[in-house]
Amino acid sequence: MSVRILRQVGQRLLGLVFVLAAVVTSVFLMMQLVPGDPLVSETGGVTQEQLDRLRALYGLDQSVFDQFTAYVGNLFQGDLGRSFRTQEPVVDIIQQRIWSSLELAGAALLIVMFVGFPLAMFAAAATREGRHRRLEVGFLSVTSVLGATPNYLIATLLAFVFAVQFTLLPVGGSGSFEQLILPALAVAIAPTMSLARIVRLETLDVLSQDYVRTARSQRLPTHMIYLRHVFPNVLTAALTVGGLIFAEVIGGAVIVENVFARPGLGTALVDGVLSNNYPVVQGATLVLAVTVVVVNTAVDITLDVLDPRARTG
Amino acid sequence: MTASALRLSRTGMSAPVLRAFRRAPSGMIGAGVVAAILVVAVLGPIVFGDEAQERDLTNASQGVSREHLLGTDALGRDILARLIVATRLSIGLGLASAALAMVAGILIGVSAALFGGRARVIVLRTIDTMISFPSILVAVFFSVILGRGVTGALIGVAASTAFHIARITSTLAISASRRDYVDAARVLGVRGRPLVVRYVLRNIGEPLTVAASVVVGSSIVTISALSFLGLGPQAPQYDWGTMLTEGVKAIYRTPAAALGPAGAIAISAFAFAFVGEAVARAMNPRLWTAPSGRAARAVATAPAATLVEQAAAAGRARPDERVEVGGKDGPPALEVTDLVISFPSAQGATEVIKGVTFSVGEGEIVGIVGESGSGKTMTALAVAQLVPYPGRVSGSVRLHGRELTDLSRKELDSLLGNDLAVVFQDPMASLNPRLTIGTQLGQAVRVHKGFSRRRARDLAVRSLAEVSIPAGETQLGRYPNEFSGGMRQRAMIAMGVMKEPSLLIADEPTTALDVTIQAQIMDVLHDINARHRTSMILISHDLALVKQNCHRVLVMYAGRIVEDLEADAIRTQAVHPYTKALVGTVPEIGQSRTGPLPDIPGEIPDPADPPPGCPFHPRCPLAVDRCSVERPPLLHRGGGHRAACHVANEGVE
């Protein structure tokens, strides 16, 4: 590891701090910017006196600056406020729900990687230099149609086919493996297809490189050419879109959880918005946004470290 | 004419662009569906408005029937009528949000180009960060602070999309503003806003049109997602998304209530996506002819295209080209007979190599010279069995008497893997950037000779020493980018030497290197030739280099050998006017020998319309009538000297 790479990583981490600060500020401002009084709709028919007491309880009677410092201070102590509804700490709500979301996003990511990558590499190998035109057209058609299908439609369709028509799989809830299958597929299908398209193009690009011709001139076995010479180059190229794919999966999980009524962060977020339960909305938004930002930074740092040029200088 | 096609013509698209758009069937179908959707959006509420509101509680939550093609909802309203009425809000919101996103995105993106220094960096970073968030999260954020409902959803989706547009715009605008004509305008006194508007926007208009046509579809989808989650239109307003929510709740009893809105969203998403794709394709002239851009490019860059020539249908005059084998001494290492390589083309098949016969003796260094496109590299690739798809190879290639075309894949791997090494032109591109030098050097002997890791390492160190790279042990763990150009080429040669091949093909091994390094690389090759009696083929466009370093020289022109003679004799005994022309302008020893082949008056044959007879006759000072009619055969002149020229071969049998 050279000094240059350490400095680059340092810069990334500094950038991460800035973005996290911006995320925290935006999430804090969410409640401030809500049209009208955040408590009113929740507390219809209460007296002014009761309203004032609630305001004091949630700290809404203080100046914006004081509220902000209090918010950030609490944040560092792991306190995300309390639900307007149940008075339950938001942290507890998130802890109850985050595992279901992680399970869904994780399963979807596994599908994206372990289906998208091989699919793309096989498609690239079969269609390189204009071979198998029909296969290429088929691949492009299928991936573009499935890749453009919104996840909530895929979810609806999967629910209809597997749960309603054939009653093979459950359509709601979470906890069991069966309950994970349909939501994970619904989240994964579109990103899998977009990843497959990108990776196929990258693979074709790598296959046309001179160093692959060098490997072929050495008459190495096919699996060695693909696994040793092509794959590492494709992987780093694909990793550059890894952050975007991850965001697509997280966004997909938020929506699909609502289709299948899985108690996760996505349903917490949407239920929170629909019931004006802003502390929960803030908590869920914060956790999701921070996850995305941290993963993106991790991807960037991985790319920095993997770059062979990082070793020089 | 559809809205998108109109938009195209208004932004000044040329006739061929429109033609290309019309030619794509998916684009035309998409445009037709989009047009139909727009008609429904305009007329739907007028025609079906009342029916959509008609409640019939006795017929609530019914499935598909003749009266209600998609069934009824919980209040007994006809779902199909509601679906048609909802088209206006769904599509309208999508279009409005897309328009808003375009305007905001272009403003943000162009501002990045207008700013310099730190401000630009901050804007660009912000854009990058914003697009890294899931768009649904950004949309939810905005719909919370703006209140649930139509406005919140519209602005929320626009905000999440705008940064994608901003990213595209900033990239385009910054690169456009760096172009010469913008500088020129700046010098002429065009400043600030007018400059951006007039020069930059005009030049980024086309890519942004493509982006816009994609954004419309994605906006409709994301708006519907928000509505589906309950964050869009609030009752009594409804769009496809809210209808889908109700439908999914009732999916067990009346699936049509869910599938109807799902279908509507899907159909419009695909229709707009197809139009977007067709617009993108129409805007990119490279994609007009072939269905697949990449494949088209692959064909275009294949050597065939540079030498397109109608296949001579009426029996190619191929004279008896028997060669006394054994160039230098002993039996030949390589015999190539009647080698023909063709690529499919508009005319059926185009031959880039039109019958090449030669041999390389054991320990002999044979040079192949010719202008680019003469077929020298393709010949070498055929020997190495590396002719790119979809090239077809016919004729015979024998390595140590073994006919390569007769061998199975496995036998080929073993024979070529052990006996043949190829050193390619560009050492930077020809070494894998992600693998260490050690791995790349060792892999062939580990596979083909079954060497252990340790033994391969030891051999690699020795091979590196042989090409004058010291301290091989430490070099093995390094990556190609840590090597200089000369070192990389030596490493390439060391890689070839590892397996002690009997034939080494070096394709322009020194072209990318400076003169001093060139000489060193040639020394290395000579050294190997002397030490291991390795036969070599040295391909170059530099006659002087070939003359100095080879035993024998093959001169190629337009896919054929036109002369074959001893390197030492090339000054004195060359007879072909092409060779003579090359020799005539070779600088004397002591002068720079880095230059490419000299300028010969005239041009290489027009690929589309090759001259009849001798391909060189239009440029030939000695040409006689016969040359433009009859192609001269490659005839033996004795002593291994061959030439293909009517004039020079006068009297030769």
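For B:Arg488, indicate whether it is in a helix (DSSP H, G or I), open to solvent by 20 Å² or more (accessible area, probe 1.4 Å) and at pLDDT 90 or above. Write out each step before concluding.
Numbers: in a helix (DSSP H, G or I): yes; open to solvent by 20 Å² or more (accessible area, probe 1.4 Å): yes; at pLDDT 90 or above: yes.
Yes.
Residues in region B:436-451: is at least one open to solvent by less than 40 Å² (accessible area, probe 1.4 Å), basic (Lys, Arg), in a helix (DSSP H, G or I) and within 14 Å of chain A (Cβ to nearest Cβ)?
Within region B:436-451, not a single residue is open to solvent by less than 40 Å² (accessible area, probe 1.4 Å), basic (Lys, Arg), in a helix (DSSP H, G or I) and within 14 Å of chain A (Cβ to nearest Cβ).
I need a count of the residues in region B:134-145 that are free of Cβ contacts under 8 Å to residues at least 24 places away in the same chain and within 7 Å of chain A (Cβ to nearest Cβ).
Counting residues in region B:134-145 that are free of Cβ contacts under 8 Å to residues at least 24 places away in the same chain and within 7 Å of chain A (Cβ to nearest Cβ) gives 5.
Would you confirm, using the coordinates I've provided, whether A:Ser83 is open to solvent by less than 40 Å² (accessible area, probe 1.4 Å), of a type in the set (Ser, Thr, Tyr) and under 20 Å from the mean Cα position of the chain (by Cα)? Show your work before the answer.
On the way: open to solvent by less than 40 Å² (accessible area, probe 1.4 Å): yes; of a type in the set (Ser, Thr, Tyr): yes; under 20 Å from the mean Cα position of the chain (by Cα): no.
In short, no.
If only one of A:Val46, A:Val27 is modelled with pLDDT of 90 or more and surrounded by 13 or more Cβ atoms within 10 Å (Cβ to Cβ), which one is it? Spell out how you get there, then give the answer.
Working: A:Val46 fails: modelled with pLDDT of 90 or more.
Checking each option against the conditions leaves just A:Val27.
Could you tell me whether B:Ala429 is small (Gly, Ala, Ser), part of a strand (DSSP E or B), within 9 Å of chain A (Cβ to nearest Cβ) and crowded, with 16+ Cβ neighbours inside 10 Å?
Values: small (Gly, Ala, Ser): yes; part of a strand (DSSP E or B): no; within 9 Å of chain A (Cβ to nearest Cβ): yes; crowded, with 16+ Cβ neighbours inside 10 Å: yes.
When the stated conditions are applied, B:Ala429 does not pass them.
Hey, does region B:460-473 have a residue that's under 33 Å from the mean Cα position of the chain (by Cα) and not in a helix (DSSP H, G or I)?
To start, the set of residues in region B:460-473 that are under 33 Å from the mean Cα position of the chain (by Cα) comprises none.
No, the conditions are met nowhere in region B:460-473.
Anything in region B:394-418 that is crowded, with 18+ Cβ neighbours inside 10 Å and more than 9 Å from chain A (Cβ to nearest Cβ)? List them, or say none.
Across region B:394-418, the qualifying residues are B:Val397, B:Arg398, B:Leu399, B:Leu404.
Here are B:Ala512, B:Ala471: which of them is at pLDDT below 90 and over 30 Å from B:Glu371 (Cβ atoms)? So that I can check it myself, show each step before the final result.
On the way: B:Ala512 fails: over 30 Å from B:Glu371 (Cβ atoms).
Matching residue, one of B:Ala512, B:Ala471: B:Ala471.
Considering only residues of region A:200-223 that are more than 7 Å from every other protein chain (Cβ to nearest Cβ) and closer than 15 Å to B:Lys410 by Cβ, which is surrounded by the most Cβ atoms within 10 Å (Cβ to Cβ)?
It comes out as A:Thr222.
What's the number of the only condition in (1) on the phi > 0 side of the Ramachandran plot; (2) away from every other protein chain (no Cβ under 12 Å) that A:Phe122 fails to meet?
Every condition holds for A:Phe122 apart from (1).
Every residue in region A:143-183 that is aliphatic (A, V, I, L, M), touching a residue at least 24 places away in the same chain (Cβ under 8 Å) and touching a Leu at 6+ places or on another chain (Cβ under 6 Å), please.
Going through region A:143-183, the residues aliphatic (A, V, I, L, M) turn out to be A:145-146, A:148, A:153-155, A:157-159, A:161, A:163-164, A:168-169, A:171, A:180-182.
Now drop any that are not touching a residue at least 24 places away in the same chain (Cβ under 8 Å), which leaves A:146, A:148, A:154-155, A:158-159, A:171, A:180, A:182.
Residues satisfying the conditions are A:Leu158, A:Leu182.
Listed here are the residues, each with its yes/no results for (1) surrounded by fewer than 22 Cβ atoms within 10 Å (Cβ to Cβ); (2) modelled with pLDDT of 90 or more; (3) within 11 Å of the chain's Cα centre (by Cα); (4) within 9 Å of chain B (Cβ to nearest Cβ).
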| residue | (1), (2), (3), (4) |
| --- | --- |
| A:Ala237 | yes, no, no, no |
| A:Val241 | yes, no, no, no |
| A:Val249 | no, yes, yes, yes |
| A:Gly252 | no, yes, yes, yes |
| A:Ile255 | no, yes, no, yes |
| A:Pro263 | yes, yes, no, no |
| A:Ser275 | yes, no, no, no |
| A:Val281 | no, yes, no, yes |
| A:Leu286 | yes, yes, no, no |
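Would you confirm, using the coordinates I've provided, whether A:Ser217 is under 30 Å from B:Gly247 (Cα atoms) and of a type in the set (Gly, Ala, Ser)? Can you show your working first?
Working: under 30 Å from B:Gly247 (Cα atoms): no; of a type in the set (Gly, Ala, Ser): yes.
It is false that A:Ser217 is under 30 Å from B:Gly247 (Cα atoms) and of a type in the set (Gly, Ala, Ser).
Taking region A:134-150, which residues are at the interface with chain B (Cβ under 8 Å from one of its Cβ atoms), open to solvent by less than 30 Å² (accessible area, probe 1.4 Å) and assigned to a helix (DSSP H, G or I)?
Passing the criteria: A:Glu136, A:Ser144.
Looking for something among the acidic types (Asp, Glu), away from every other protein chain (no Cβ under 14 Å) and farther than 30 Å from A:Asn258 by Cα - is there at least one such residue anywhere in region B:61-75?
Within region B:61-75 (the criterion being among the acidic types (Asp, Glu), away from every other protein chain (no Cβ under 14 Å) and farther than 30 Å from A:Asn258 by Cα), the answer is yes, since at least one residue qualifies.
Look at B:Ala257 and say whether it is more than 22 Å from B:Phe141 (Cα to Cα) and either open to solvent by less than 10 Å² (accessible area, probe 1.4 Å) or more than 10 Å from chain A (Cβ to nearest Cβ) (or both). If you could, list the steps in order and put the result at the bottom.
Numbers: more than 22 Å from B:Phe141 (Cα to Cα): yes; either open to solvent by less than 10 Å² (accessible area, probe 1.4 Å) or more than 10 Å from chain A (Cβ to nearest Cβ) (or both): yes.
Criteria met by B:Ala257.
Could you tell me which residue of region A:111-142 is nearest to A:Glu248 (Cα to Cα), considering only residues that are of a type in the set (Gly, Ala, Ser) and in contact (Cβ under 8 Å) with a residue 60 or more places away in the chain? Steps first, answer last, please.
Step one: list which residues in region A:111-142 are of a type in the set (Gly, Ala, Ser), which gives A:116, A:120, A:123-126, A:130, A:138, A:141.
Restricting the remaining residues to those that are in contact (Cβ under 8 Å) with a residue 60 or more places away in the chain gives A:116, A:120, A:123-125.
Working: A:Gly116: 14, A:Ala120: 18, A:Ala123: 23, A:Ala124: 24, A:Ala125: 27 Å.
Residue satisfying both the conditions and the ranking: A:Gly116.
How many residues, within region A:179-226, are under 30 Å from B:Ala494 (Cβ atoms) and among the small types (Gly, Ala, Ser)?
Result for region A:179-226: 3.
Find the residue count for region B:243-252, including only residues that are more than 8 Å from chain A (Cβ to nearest Cβ) and surrounded by fewer than 24 Cβ atoms within 10 Å (Cβ to Cβ).
4
Go through region A:1-112 and tell me which helices (runs of 4 or more DSSP H), entirely inside it, have 1 or more residues that are more than 14 Å from chain B (Cβ to nearest Cβ) and aromatic (Phe, Trp, Tyr).
Details: elements: A:3-33, A:48-58, A:64-76.
Helices (runs of 4 or more DSSP H) meeting the threshold: A:48-58, A:64-76.
The values are calculated or read from the model by the stated rules, or taken from the named source; none is laboratory data. Owing to the predicted nature of the structure, the values given are computational and were not obtained by experimental measurement. Quick reminder, even Gly has a Cβ in these numbers, built from the backbone with ideal geometry, and neighbours come from all protein chains shown. Quick note on the areas: whole protein, heavy atoms, side chains included, nothing else; ligands and nucleic acids left out. Shrake-Rupley method; radii C 1.70, N 1.55, O 1.52, S 1.80 Å.
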